[in-house]
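The values are calculated or read from the model by the stated rules, or taken from the named source; none is laboratory data. Everything numeric here is computed off the predicted structure, so don't read it as measured data. Quick reminder, even Gly has a Cβ in these numbers, built from the backbone with ideal geometry, and neighbours come from all protein chains shown. Quick note on the areas: whole protein, heavy atoms, side chains included, nothing else; ligands and nucleic acids left out. Shrake-Rupley method; radii C 1.70, N 1.55, O 1.52, S 1.80 Å.
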Amino acid sequence: MDLALTEARAAADRGEVPVGAVITRDGHVVAQAGNRTRELNDPTAHAEMLAIRAACAALGQERLTGCDLYVTLEPCPMCAAAISNARIARLYYGAADPKSGGVAQGPRIYSHPQCHHRPEVYDGIHANAAEQLLRDFFTHRR
């Protein structure tokens with residue numbers, strides 16, 4: 001999660017919402033990314049989506065079976081669905097997202113019968129640090 005927080009800080013430095021994501025397999029980093037929606041003019045360029053794309057490219061496959069995803073903020077519904085489609089084994093996230101979350105908040109993607117794969121979910125990992133990054137970012141934006 002420390003590496004994901006580093007990615008989130010780098011995203012904030014670029015003027016992006018500070019969210020970072022890291023994908024590992026067998027304890028080795030496969031991919032990492034921070035939000036780049038503004039930079040790329042792409043509403044799907046969330047940290048999780050970029051990390052999933054990079055991990056699939058690095059491994060040469062469309063499924064990330066056996067991989068873990070660490071992300072600083074609860075994934076939105078789009079990212080939660082992509083995590084399921086990628087067959088990521090375990091999701092670790094920091095801060096809860098009552099406004100836009102899709103895992104424990106809002107639509108709770110993994111609880112739907114249409115969800116074909118449900119990763120193991122662990123929340124609250126370094127939540128205070130992730131929340132502080134977000135608070136600081138939005139305080140300076142206002």
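Regarding I23, is this residue in contact (Cβ under 8 Å) with a residue 60 or more places away in the chain, closer than 19 Å to C115 by Cβ and surrounded by 17 or more Cβ atoms within 10 Å (Cβ to Cβ)?
No, not satisfied.
If a residue has to be in a loop (DSSP other than H, G, I, E, B) and within 26 Å of R9 (Cβ to Cβ) to count, how many in the range 56-96 make the cut?
Result for the range 56-96: 7.
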Original post:
Among the residues of the range 69-95, which ones are among the small types (G, A, S) and in contact with a helix residue (DSSP H, G or I) (Cβ under 7 Å, 6 or more places away or on another chain)?
Top reply: A80, A81, A82, S84, A86, G94, A95
Original post:
What are the pairs, 6+ residues apart or on separate chains, where a residue within the range 130-142 that is modelled with pLDDT of 95 or more has its Cβ under 7 Å from a residue that is open to solvent by 80 Å² or more (accessible area, probe 1.4 Å)?
Top reply: L133/R9
**OP:** Could you check, for the range 90-97, whether at least one of its residues is closer than 17 Å to E62 by Cα and small (G, A, S)?
**Re:** no
**OP:** Would you confirm whether any residue within the range 113-129 is of a type in the set (A, V, I, L, M, F, W, C) and in contact (Cβ under 8 Å) with a residue 40 or more places away in the chain?
**Re:** yes
Subject >> Leading residue by the ranking (least open to solvent (accessible area, probe 1.4 Å)) among those in the range 26-55 that are charged (D, E, K, R) and not in a helix (DSSP H, G or I) >> reply: D42
**OP:** Pull up the range 60-107, narrow it to residues that are closer than 13 Å to V121 by Cβ and acidic (D, E), then point me to the one that is surrounded by the most Cβ atoms within 10 Å (Cβ to Cβ).
**Re:** E74
Original post:
Which one of these is in contact with a Phe, Trp or Tyr (Cβ under 9 Å, 6 or more places away or on another chain) and farther than 21 Å from D2 by Cβ: A45, A80, A86, A127?
Top reply: A80
